[in-house]
Amino acid sequence: GESVGLHLPTLSVQEGDNSIINCAYSNSASDYFIWYKQESGKGPQFIIDIRSNMDKRQGQRVTVLLNKTVKHLSLQIAATQPGDSAVYFCAENGGTGRRALTFGSGTRLQVQP
Amino acid sequence: EPEVTQTPSHQVTQMGQEVILHCVPISNHLYFYWYRQILGQKVEFLVSFYNNEISEKSEIFDDQFSVERPDGSNFTLKIRSTKLEDSAMYFCASRGEKGAGYTFGSGTRLTVV
């Protein structure tokens, strides 16, 4: 079936470095994508989203890139901080009109001080 | 910042018992969701609710599950006869206007013994 998956289960970076977390999706009908951060014992926290009519969107210290040709999504975090340590999930909506999100497997980001 | 509130934070129940998980979505939101996350796994969609009816549900959401919006503020998930495999974190989420980001609650950890 359709799926959203992540390439790397764990990413370890030094404080101050930039982090890149990747995600592949297989549903070509998806037109809305979200990155979530999940800290231990908490619910997913919205980071940034992007629609399929865009290929890049920037937030505060975060950038999401969307490559529809290869169905790839990435999250870039600039100047990674210890507080960024968490599991990051990508999610997609499966196409216009769908209301449910399909989540990827998650990447754990570990920031070394 | 508006929050989605879930209670209780942790529920322990015996196999075969009924449980009701409670959620108070963000007040002006229109779309409501339940997701679950088995320990160490990805977040899975259960059901979406809009205009006082279920708009979409997953294969997980079988006859043992039901949702209600008994008043203007609460959104509940009922599991009629819990099984061991129902043990998971259950997240409620809500969304405002079409296309707006989803906001998740902190979750209820359900432990079936």
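The numbers here are math on the coordinates, done by the rules we state, and not lab data. Keep in mind it's a predicted model, so treat the numbers as computed, not measured. Cβ placement follows ideal geometry from the backbone for every residue including glycine, while neighbour counts extend to all protein chains displayed.
Where in the stretch B:9-113 are there trypsin sites (Lys or Arg not before Pro) that are in a DSSP coil and have at most 15 other Cβ atoms within 10 angstrom of their Cβ?
Of the trypsin sites (Lys or Arg not before Pro), the ones in loops of the stretch B:9-113 whose Cβ has at most 15 other Cβ atoms within 10 Å are B:ARG80, B:LYS83, B:LYS98.
Taking the Cα centre of the stretch A:4-112 as origin, sum charge times position over the Cβ atoms of Lys and Arg (+1) and Asp and Glu (-1), and report the length of that vector in debye to the nearest 20.
300
Regarding the protein assembly as shown, what's the average projected area of the Cα-atom convex hull, expressed in nm²?
Quarter of the Cα hull surface area: 12.4 nm².
Calculate the dipole size of the protein assembly as shown relative to its Cα centre from +1 charges on Lys and Arg beta carbons and -1 charges on Asp and Glu beta carbons; express the result in debye to the nearest 20.
That gives the protein assembly as shown a dipole magnitude of about 300 debye.
Per residue of B:40-46, count partner chain C-beta atoms within 10 Å of its C-beta, then hand back the mean as an integer.
Taking all residues of B:40-46 together, the mean is 6.
Can you list the GluC sites (Glu not before Pro) in the stretch B:35-110 that are in a DSSP coil and have 11 or fewer other beta carbons within 10 angstrom?
Filter output for the stretch B:35-110: B:GLU59, B:GLU97.
From the square roots a ≥ b ≥ c of the eigenvalues of the alpha-carbon gyration tensor of the stretch B:1-79, which class results: rounded (a/c under 1.5), prolate (a/b over b/c), or oblate?
It comes out rounded by the Cα gyration axes.
Using a 10 Å cut-off around each Cβ of peptide A:43-49, what is the average number of partner chain Cβ atoms that fall inside?
Whole-number average of other-chain Cβ neighbours for A:43-49 is 6.
How high is the relative contact order of the stretch A:4-112, given as a whole-number percent (alpha carbon pairs under 8 Å, six or more residues apart)?
RCO, the stretch A:4-112: 38 percent.
Over chain B, what is the relative contact order in whole percent, taking alpha-carbon pairs under 8 Å and six or more residues apart?
39
Which ³J(HN,Hα) values, rounded to whole Hz and listed in residue order, are derived for the stretch A:12-26 from phi using the Karplus coefficients 6.51, -1.76 and 1.60 in 6.51 cos²θ - 1.76 cosθ + 1.60 with θ = phi - 60°, glycine and proline given as x?
Listing the rounded values in order: 10, 9, 8, 4, x, 6, 8, 10, 10, 10, 10, 8, 10, 10, 10 Hz.
How do A:86-93, A:50-57, A:27-34 rank on mean C-beta neighbours within 10 Å, highest first?
So the peptides A:86-93, A:50-57, A:27-34, ranked by packing, come out A:86-93, A:27-34, A:50-57.
Check which residues have an amide H placed less than 5 Å from A:ASN27's amide H, if you skip close sequence neighbours.
Answer set, sorted by chain and number: A:SER3.
Please give the average number of partner chain Cβ atoms lying within 10 Å of the Cβ of each residue in B:103-113, rounded to a whole number.
Going residue by residue through B:103-113 and averaging, the value is 2.
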